[in-house]
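Quick notes on the structure that follows.
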Amino acid sequence: MAYPEKYRYTKEHEWLQVDGETGTVGITDYAQSSLGDIVFVELPKVGQEIEAGSTFGSVESVKAVSDLYAPVTGTVTAVNESLNATPETINTAANDTWLIKLTLTNPDEVNGLLSAADYDKFVSEETGH
Amino acid sequence: MPDLVTPISLRRTSLNATHRSHKAKMVDFGGWDMPVQYSGLIDEHMAVRERVGLFDVSHMGDIQLRGPRSLEAVQRLLMNDASKLQIGQAHYSAMLYENGTFVDDVVLHKLGENDYLIVINAGTREKDVQWVRKVLAGMSGVHVTDVSDYYTQLAIQGPKAQATLQKLTGVDLAPIKNYWFTWGQVCGCHNVLIARTGYTGEDGFEIYVPADEPTSSRVWGEVLAAGAEFGILPCGLGARNTLRLESAMALYGHEISDTINVFEANLGRYCKLDKGTDFVGRAALQAIQDAGGPVRKLVGLEMIERGIGRDGYPVLSLDGERIGEVTSGSPGPFIKKNIALAYVPVAYTALDTEVAVEVRGQPVKAKVVPTPFYKRPKMAVPPITAPLS
């Protein structure tokens, strides 16, 4: 599976792309593959403040519900409304399908996230191969 | 990547290596290492509704009862009336506790005079076998054999199931009616039990082939090859669950269990209180019926508001009072609605009654709808062709 180098990652399987003070959040290819066919996404409202490590929504496949965890603290500036109609795009393009954008409260938090290589290693260890 | 080695504690069917080598996603299902999906749950579900799918259901158990008193034994053990079965016929039934709740639901096959096969669930195999032995303890003239490990059980399900299986057997499948079975050669194996049964709400067959690994994997491969022209897909337990849920078929541990009785589960039509033989659970059920029936019942729910009710979620009245629980809930991939089966008080069972399902702390509106949620279209009757003049 591909984990773009330009993203940072959480152990809860979100990716974060940082551009100045703006962060864009999605879930990893591993996460979508583990969940299977995604049929439902619940996201916060624009303006909502979310705290690093807290849940900000959920992704549901036919079989399972998975909470979404905020990689960093920030204020939501945009949510991907198109996922209400076509949540399956997360399965086909997890790396290119964003869930929310936020303004980072503390950009230093990004340093605590995993690099692509570290995330890849983490997933390998977690799944035992 | 799938793990290449099964954890030792989990049990495996003879097709385990086949599933793993074909990159199925494996899960622990009732102590069995089973494929939950192959290519994708929705694709597999749709293949069964529109074409044909193949399932490994070898984890199901099988108990054979033979001997001059086997009918009497079956009548004592099971709630349906086995005296009505003809040789080559099967029916849905259940083993009950004295209080009318479920040991397990089963499919009973009449193999011959004094010869019955009870197909049981995977997660309850040992419990069921022990229960049968306990109920029949001291009864002479019946011999109980656990034949679970003798068979690899494959389910070929969908509108193209007959066309697929017909390529692999000389037995004419067309005359086999729903819930009837026969024996014949399949993929070169002799005396294979071929039953027109299943757990998907579609037409289909279940076949019982020898459980050795080479035979099992060969037959699996030959069925997939035969079905290729129809677009067959190997399917996992994920699709099996959503298919049975759309068809509102009970699953042990969900809609039926040792705390739920037959009438609550709406399975009274398979329970013959007046069959003339006392069966385990009969007295309790008669008392429940005489007292006016159960106080709660299983209903079908369709979510009205955005949200998916899932197994174990609370059901609330519109006032917010907790009135019941979802036993199985999921999106229905074919009917494209979020559906659930749930237990609610009888006062809430009328069609179109609105309730709410508590989805992670939030009430989400749902309404009572008829079950099954999905009913397969009636098979088209071939037109009577006028003779050529």
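Every number here is computed from the coordinates shown, using simple stated rules; none is lab data. As the structure is a computational prediction, the values presented were derived from the model and not from experiment. Backbone-built Cβ (ideal geometry, glycine too); neighbour counts: all protein chains shown.
Give the residue that is nearest to residue A:42 (Cα to Cα), with candidates limited to residues of the stretch B:298-346 that are β-branched (Val, Ile, Thr) and within 14 Å of another protein chain (Cβ to nearest Cβ).
B:308
All but one of (1) surrounded by fewer than 19 Cβ atoms within 10 Å (Cβ to Cβ); (2) under 22 Å from residue B:124 (Cβ atoms); (3) in contact (Cβ under 8 Å) with a residue 60 or more places away in the chain hold for residue B:11; state the number of the condition that does not hold.
The one condition residue B:11 does not meet is (3).
Is it true that residue A:25 is aliphatic (A, V, I, L, M) and within 14 Å of chain B (Cβ to nearest Cβ)?
For residue A:25, the condition - aliphatic (A, V, I, L, M) and within 14 Å of chain B (Cβ to nearest Cβ) - is not met.
Of everything in the stretch A:51-73 that's within 23 Å of residue A:111 (Cα to Cα) and of a type in the set (Gly, Ala, Ser), which residue is surrounded by the most Cβ atoms within 10 Å (Cβ to Cβ)?
Within the stretch A:51-73, the match that is surrounded by the most Cβ atoms within 10 Å (Cβ to Cβ) is A:70.
Please go through the stretch B:183-212 and pick out each residue that is free of Cβ contacts under 8 Å to residues at least 24 places away in the same chain, more than 18 Å from the chain's Cα centre (by Cα) and part of a loop (DSSP other than H, G, I, E, B).
Of everything in the stretch B:183-212, just one residue is free of Cβ contacts under 8 Å to residues at least 24 places away in the same chain, more than 18 Å from the chain's Cα centre (by Cα) and part of a loop (DSSP other than H, G, I, E, B), namely B:188.
Yes/no matrix, rows are residues, columns are (1) part of a strand (DSSP E or B); (2) closer than 27 Å to residue B:332 by Cα:
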site	(1), (2)
B:172	no, no
B:181	yes, no
B:218	no, no
B:254	no, yes
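Of the residues B:295, B:262, which single one is among the β-branched types (Val, Ile, Thr) and crowded, with 20+ Cβ neighbours inside 10 Å?
It is B:262.
Considering (1) more than 14 Å from chain B (Cβ to nearest Cβ); (2) of a type in the set (A, V, I, L, M, F, W, C); (3) surrounded by fewer than 19 Cβ atoms within 10 Å (Cβ to Cβ), say which one residue A:76 fails and leave the rest.
So the condition that residue A:76 fails would be (3).
Only residues that are among the small types (Gly, Ala, Ser) and out of contact with any helix residue (DSSP H, G or I) (no Cβ under 7 Å at 6 or more places or on another chain): list them for the stretch B:175-204, please.
Answer for the stretch B:175-204, where residues must be among the small types (Gly, Ala, Ser) and out of contact with any helix residue (DSSP H, G or I) (no Cβ under 7 Å at 6 or more places or on another chain): B:184, B:188, B:195, B:198.
Identify, please: which residue in the stretch A:30-56 is touching a Phe, Trp or Tyr at 6+ places or on another chain (Cβ under 7 Å) and in contact (Cβ under 8 Å) with a residue 40 or more places away in the chain and is, among those, farthest from residue B:238 (Cα to Cα)?
A:50
Can you tell me how many residues within the stretch A:35-73 are farther than 20 Å from residue B:338 by Cβ, in contact with a helix residue (DSSP H, G or I) (Cβ under 9 Å, 6 or more places away or on another chain) and within 14 Å of chain B (Cβ to nearest Cβ)?
Counting residues in the stretch A:35-73 that are farther than 20 Å from residue B:338 by Cβ, in contact with a helix residue (DSSP H, G or I) (Cβ under 9 Å, 6 or more places away or on another chain) and within 14 Å of chain B (Cβ to nearest Cβ) gives 0.
I'd like to check something: does the stretch B:221-240 contain any residue that is charged (D, E, K, R), crowded, with 17+ Cβ neighbours inside 10 Å, under 24 Å from the mean Cα position of the chain (by Cα) and in a loop (DSSP other than H, G, I, E, B)?
Within the stretch B:221-240 (the criterion being charged (D, E, K, R), crowded, with 17+ Cβ neighbours inside 10 Å, under 24 Å from the mean Cα position of the chain (by Cα) and in a loop (DSSP other than H, G, I, E, B)), the answer is no, since none of the residues qualifies.
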